[in-house]
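A short worksheet on the structure shown next.
The values are calculated or read from the model by the stated rules, or taken from the named source; none is laboratory data. Worth saying up front: this structure is predicted, and the values here are computed from it rather than measured. Neighbour counts are summed over all protein chains in view; Cβ atoms, including those assigned to glycine, are modelled from backbone coordinates with ideal geometry. Just the protein is used for accessible areas: all its heavy atoms, side chains included, with ligands, DNA and RNA removed. Shrake-Rupley method; radii C 1.70, N 1.55, O 1.52, S 1.80 Å.
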Amino acid sequence: MKLKCIIVDDEPPATRILENYIGKVSFLEKTAVFNDALKALEFLNTHSVDVIFLDIQMPQLTGLQLSRIISKEIKVIFTTAYPDFALEGFELNAVDYLLKPIAFERFYQAVSKLNGNSKTEVVSNNNSAEFIFIKTDGKNKFVKLFLEEILYVESLQNYVCIHTGNQQIITHSSLKNVVESLPEKGFVQIHKSYVVALKHIESTDSFSVFINGKELPIGATFKDAFFELIDQNKI
């Protein structure tokens, strides 16, 4: 059965590209195209849709705002020229976040996730190395990152965000894969969604870890092991 899709984007060249791409994928069916998020919302109130390709920067109602209003059953793939909104997009449980100009290969990688056909992009490393290579958007595109730069790693459902002092790198992977890729010493999981670098912890209390001015929660499952590790290094 084909997935019914709509496109919401106020840039005609972008909508034409997406229409073309959707037409090339056998399990997708374009239902409607809107250049106004409010008109799209009216349509969604009376029509059943499986997937929405959603631009972020639009007048009156942004893509992020629209994604918070629509049914959680609708899968959202953000399409935008601005990478700054990636983290917020993933926090809204988006299937993917496509940066314009969008190549068909990247588009197909995103929509394959709708059918569970995508490969998990893992973080590649050697536990004895001082750095790792992180898979990002694009074929054979990796970012080299020194382990000492990593402040903490955050799980975003099917993605992880690796936080450093000056950037956030998002990759399609699981937190489990990242933990296995990091050295056993130096990093500790404090929550189902967070792994932190011990050397960058500024302070802790019974419920939180503070790193670079950010407060991260300590999960009950991980609390005992974490504070045992802290006790080993206390004075």
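Tell me which label goes with the value of Cα Rg over 2.2 N^0.38 Å computed from the coordinates here: [x] 1.09; [y] 1.15; [z] 0.95.
Recomputing Cα Rg over 2.2 N^0.38 Å here picks out [y].
Can you list residues from other chains, or at least 5 along the same chain, whose modelled amide H is less than 5 Å from the amide H of SER208?
ILE218
Tell me, which longest segment in the chain has none of the GluC sites (Glu not before Pro) that fall in DSSP loops with at most 14 further Cβ atoms within 10 Å?
Details: sites that count: GLU73, GLU130, GLU184, GLU202.
Maximal segment without exposed cleavage sites: 1-72.
Would you list, by chain and number, the lysines whose Cα falls below 19 Å from the Cα of LYS199, excluding same-chain residues fewer than 8 positions away?
LYS185, LYS214, LYS223, LYS234
Could you name the aspartates and glutamates in cross-link range of LYS4, using Cα to Cα under 13 Å and dropping any fewer than eight places away on the same chain?
Cross-link targets: GLU19, GLU29, ASP50, GLU73.
Tally the DSSP beta bridges in the chain and give the antiparallel ones as a percent, rounded to 5.
Bridges in the chain are about 60 percent antiparallel.
Longest exposed-loop-site-free stretch of the chain, with trypsin sites (Lys or Arg not before Pro), DSSP loop and at most 10 other Cβ within 10 Å?
1-71
Let a ≥ b ≥ c be the square roots of the eigenvalues of the Cα gyration tensor of segment 188-235; is it rounded (a/c under 1.5), or, if not, prolate (a/b larger than b/c) or oblate?
Because a/c hits 1.5 or more and a/b fails to exceed b/c, segment 188-235 counts as oblate.
Shape of segment 1-56 from its Cα gyration tensor (a ≥ b ≥ c, root eigenvalues): rounded if a/c is under 1.5, otherwise prolate when a/b > b/c, or oblate? Could the numbers behind the result be given before it?
On the way: a/c = 2.61, a/b = 1.12, b/c = 2.34.
The shape class here is oblate.
Relative contact order of the chain: what whole-number percent is it, with Cα pairs under 8 angstrom and at least 6 residues apart?
Once normalised by length, the contact order is 10 percent.
Among ASP36, ASP96, what's the order by accessible area (1.4 angstrom probe), most exposed first?
ASP36, ASP96
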